[in-house]
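Notes to accompany the following structure.
Nothing in this text is a laboratory measurement; each read-out follows from the coordinates by a stated rule. Because the structure is predicted, anything quoted here is derived from the model rather than measured. All Cβ positions, even for glycine, are placed from backbone atoms using ideal geometry, and neighbour counts span all protein chains on display.
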Amino acid sequence: MRQTDLPERWKAKLRNYLIAKGSEYETLGCHDFPNGSLLRITFEDESKVEFKYAFVIEAPEFKEIAVFTEHCGYHLFPLYEGIDVAIEQQ
């Protein structure tokens, strides 16, 4: 999904994330995505997804995590006890 497709609760969460990070913008730009990193999510059945140039925001209040990628859109996943999120520098 694109930023305009995000649910309202996530638009506000992303805006607050950017403000906390010191951004002067309320939308994402290429400078917001980390170079040389690999974000990996492992689910309780050991299935995995990987994203390059991505960051994650956890929202326990929504029971969700959001992955924001530079080139592959934005993705929402359920947040639960069996999920593992790791970021590796490459």
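Checked across the stretch 36-44, the condition of being among the acidic types (Asp, Glu) and within 13 Å of the chain's Cα centre (by Cα) holds for no residue. Within the stretch 1-15, residues that are in contact (Cβ under 8 Å) with a residue 60 or more places away in the chain reach partners that are in a helix (DSSP H, G or I) with beta carbons closer than 8 Å, at six or more positions or on different chains, in the pairs Gln3/Lys11; Gln3/Leu14; Leu6/Leu14. Residues in the stretch 44-72 that are surrounded by fewer than 12 Cβ atoms within 10 Å (Cβ to Cβ) and in a strand (DSSP E or B): Lys48 alone.
A search for C-beta distances below 7 Å between a residue of the stretch 34-50 that is within 17 Å of Leu76 (Cα to Cα) and any residue that is hydroxyl-bearing (Ser, Thr, Tyr) and surrounded by 15 or more Cβ atoms within 10 Å (Cβ to Cβ), counting only pairs 6+ apart in sequence or on different chains, returns Lys48/Thr42.
Scanning the stretch 1-33 for residues that are surrounded by fewer than 15 Cβ atoms within 10 Å (Cβ to Cβ) and in a loop (DSSP other than H, G, I, E, B) yields Met1, Arg2, Pro7, Lys21, Gly22, Glu24, Tyr25, Glu26, Thr27, Gly29. Selection of the stretch 73-90 for residues being touching a residue at least 40 places away in the same chain (Cβ under 8 Å) and either part of a loop (DSSP other than H, G, I, E, B) or not polar (S, T, N, Q) (or both) yields Gly73, Tyr74, His75, Leu76, Ile83, Asp84, Val85, Ala86, Ile87, Glu88, Gln90.
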